[in-house]
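Since the structure comes first, as structure tokens, the remarks are kept for the end.
The values are calculated or read from the model by the stated rules, or taken from the named source; none is laboratory data. This structure is a prediction, so every number in the text was calculated from the model and none was measured. We place every Cβ from the backbone using ideal geometry, glycine too, and count neighbours over all the protein chains shown.
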Amino acid sequence: MTRAATHSAVKPEFDPRAVKRDFPIFARNPGLVFLDSAASAQKPNVVIDEVSEFYRNDYANIHRGVYQLSARASERHERARATVARFLNAADESEIVFVRGATEAINLVAYSWGLNFLKPGDEVLVTELEHHANIVPWQLIRERTGLRLVAAPIDASGGLDLAEFEKRISKRTKLVAVTQLANATGALVPVDSIVRLARKAGAKVLIDGCQAAPRMPVNVRAMDCDFYVFSGHKIYGPTGIGVLYAKRDILEAMPPFQGGGDMIENVTFEKTTFRHPPARFEAGTPDISGAIGLARALDYVETIGRDAIFAHEERLTGYGVDQLSRLPGVKLVGAGQRRLGILSVDVAGVHPHDLATILDGHHVAVRAGHHCAQPLMDKLGLAGTTRASLGIYNDESDIDALTAALKAAQKMFG
Amino acid sequence: MTAMDARELYQDIILDHGRHPRNLRALPGANHVAHGHNPLCGDRVTVYVALDGDIIKDLSFEGRGCAISTASASLMTEVLKGKTVAAAEELFKGFHAEVTGHQPHPARGLEDEMERLAPLAGVKDYPTRVKCATLAWHAFEAALKTGAGATVKTE
């Protein structure tokens, strides 16, 4: 299921124009050309309705009340966990920890696993493609653990240089933490090869799946990663909910991240014992409706078909690359051998923020700036880029609107 | 917003100063210098002021950013040259009120200068871009206050 080659054999391709009708934002904002799904995706009616329906019919706090309503809410929350486990092909529901988002997931791993298992001189290997959320948490625990943060470089084409990556992995490497799909450029990272190299060195592997999970099939058992993180809001789900997947034995060995209600077995002022995962990592009342909304979003994505979505994103990315490559003065920022779902451009003589404002004037919503990937921008020698990112509701007409607006901006600044 | 509105923001004078900024250079005789940094977009500007008593004898800037921030810095250097510190502060108050859309601040006796800064007034309709227009001014103010080497951030 994780292989790109299977996509053509499975579901028929879907019609993004039909999918678009599932998203009310487009009816309320006619003419909107939304090309910023990498920042946050729009929400389909089924997700919006699921959240409000839950509040209307079944809402109560979970895992506490003995009354039926609370039992119903708890049941729906745990069913959401089962949906996520199935979505990732995790071995067990207990391997799914609900968090606020990928950022919190990585911080949880850093503060719980990192602080307890990393010793002075141990290395955490990341890449130059990382989002700040996969850099800063490791820096924050660096002082307290004595870890060394090592960044594997990109090659001249903007993709991860696998040979250089291999050179930096050694017995000192205790964790490899990499993005599966670079948020700033759309570079697809060969995570299967990375996991193989990490296994040889005896290192654990964390995959940041924020951009990949909405765009391609993900199978954590086939991938054999130790940690996988993603955010709900980028996969057509609500904000404030995200997922940490971790192998059960690793979660069992990890101490709590935050203390509070719902994560304890027994509390006295002398000693507190903690529940087993995932409850151990879910202190306090969680985002119950968020988890339920996320599960609905994942169901929705699976109904469309994850192979079909992958094929759609690849096809539209290809169309975008073709169209943008034809524009003089527009340089697609390199994404290595394979780019998916994200088109980052540098336009000669037009600052990204000016460009984004002009594009907005043409109802084209894009992101401008460093995309929370300043080390990558420094490496590329750019202050920032203008980034168009694709979702299941985009089609060729959105790319055409983008190129038309780019031409208008070039004319204005020409 | 429409494409027409964007054209109102990017008036010819803005595009011209963005492309060909005036006083874009270091100032060897400067006795007040400050850096401005907008962490959101990475834009950086250094403002140099040569102050002779109460008079801004000369000023200049270095660094490039978006058209709005570059044009604003360029226009600022033109407008403030030869002014007293008190007049410069009045102009900053007037300009700040204009681009943020706050209560207008009448910079009395400086109507011509305010007129020259007017092309930037369209920024008030773009809340995310106001900081682009004020970056150089904040750096200028920091330079006056602190002498050499201050850094001011707009966030």
message: Anything in the stretch A:371-392 that is buried (at least 22 other Cβ atoms within 10 Å of the Cβ) and within 13 Å of another protein chain (Cβ to nearest Cβ)? List them, or say none.
response: A:371, A:373, A:376, A:384, A:385, A:386
- prompt: Restricted to the stretch A:289-346, and to residues that are among the basic types (Lys, Arg) and closer than 18 Å to residue A:83 by Cα, which residue is surrounded by the most Cβ atoms within 10 Å (Cβ to Cβ)?
  reply: A:296
task: Determine which member of the set A:354, A:400 is in contact (Cβ under 8 Å) with a residue 12 or more places away in the chain, surrounded by 23 or more Cβ atoms within 10 Å (Cβ to Cβ) and over 24 Å from the mean Cα position of the chain (by Cα).
output: A:354
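Yes/no matrix, rows are residues, columns are (1) without any contact (Cβ under 8 Å) to a residue 40 or more places away in the chain; (2) away from every other protein chain (no Cβ under 14 Å):
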site: B:88; (1), (2): no, yes
site: B:93; (1), (2): yes, yes
site: B:110; (1), (2): yes, yes
site: B:119; (1), (2): no, yes
site: B:122; (1), (2): no, no
site: B:136; (1), (2): no, yes
Residues that are in contact with a strand residue (DSSP E or B) (Cβ under 7 Å, 6 or more places away or on another chain) and within 13 Å of chain A (Cβ to nearest Cβ), drawn from the stretch B:1-37: B:37
message: Looking at the stretch A:343-359 only, could you name the residues that are among the acidic types (Asp, Glu) and either under 18 Å from residue A:179 (Cα atoms) or more than 8 Å from chain B (Cβ to nearest Cβ) (or both)?
response: A:346
- request: Determine if the stretch A:360-368 includes at least one residue that is assigned to a loop (DSSP other than H, G, I, E, B), modelled with pLDDT under 95 and facing chain B (nearest Cβ under 8 Å).
  value: no
task: Would you be able to say whether some residue in the stretch B:61-69 is within 27 Å of residue A:374 (Cα to Cα) and of a type in the set (Phe, Trp, Tyr)?
output: yes
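Conditions (1) under 24 Å from residue A:228 (Cβ atoms); (2) in a helix (DSSP H, G or I), marked per residue:
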position: A:43; (1), (2): yes, no
position: A:49; (1), (2): no, yes
position: A:52; (1), (2): no, yes
position: A:56; (1), (2): no, yes
position: A:64; (1), (2): no, no
position: A:69; (1), (2): no, yes
position: A:74; (1), (2): no, yes
position: A:77; (1), (2): yes, yes
field: Looking only at the stretch B:1-46, and only at residues there that are modelled with pLDDT of 95 or more and of a type in the set (Lys, Arg), the one that is farthest from residue A:414 (Cα to Cα)
entry: B:25
- prompt: Can you name every residue in the stretch A:259-282 that is closer than 15 Å to residue A:107 by Cα and in contact with an Asp or Glu (Cβ under 9 Å, 6 or more places away or on another chain)?
  reply: A:282
- prompt: Within the stretch A:65-123, restricting attention to residues that are among the aliphatic types (A, V, I, L, M) and more than 20 Å from the chain's Cα centre (by Cα), which residue is farthest from residue A:216 (Cα to Cα)?
  reply: A:66
Residues that are among the small types (Gly, Ala, Ser), without any contact (Cβ under 8 Å) to a residue 24 or more places away in the chain and not in a strand (DSSP E or B), drawn from the stretch B:27-53: B:42, B:53
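State whether one or more residues within the stretch B:73-84 are among the β-branched types (Val, Ile, Thr) and within 14 Å of chain A (Cβ to nearest Cβ).
Checked against the condition, which is being among the β-branched types (Val, Ile, Thr) and within 14 Å of chain A (Cβ to nearest Cβ), the stretch B:73-84 yields no hits at all.
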Test set (1) among the basic types (Lys, Arg); (2) over 24 Å from the mean Cα position of the chain (by Cα); (3) at pLDDT 95 or above - residue A:20 fails condition number: (2)
message: Out of everything in the stretch B:38-53 that is within 21 Å of residue B:17 (Cα to Cα) and within 14 Å of chain A (Cβ to nearest Cβ), what residue ends up being nearest to the chain's Cα centre (by Cα)?
response: B:45
- request: State which residue is farthest from residue B:42 (Cα to Cα) when the search covers only the stretch B:89-109 and only residues that are buried (at least 19 other Cβ atoms within 10 Å of the Cβ) and not β-branched (Val, Ile, Thr).
  value: B:107
message: Every residue in the stretch A:327-359 that is part of a strand (DSSP E or B), among the charged types (D, E, K, R) and in contact with a Gly (Cβ under 8 Å, 6 or more places away or on another chain), please.
response: A:339
- prompt: Residues of the stretch A:221-242 being within 14 Å of the chain's Cα centre (by Cα), farther than 17 Å from residue A:129 by Cβ and in a helix (DSSP H, G or I), which ones?
  reply: A:232, A:233, A:235
- request: Kindly indicate whether any position in the stretch B:54-67 is surrounded by 15 or more Cβ atoms within 10 Å (Cβ to Cβ), within 14 Å of another protein chain (Cβ to nearest Cβ) and in a helix (DSSP H, G or I).
  value: yes
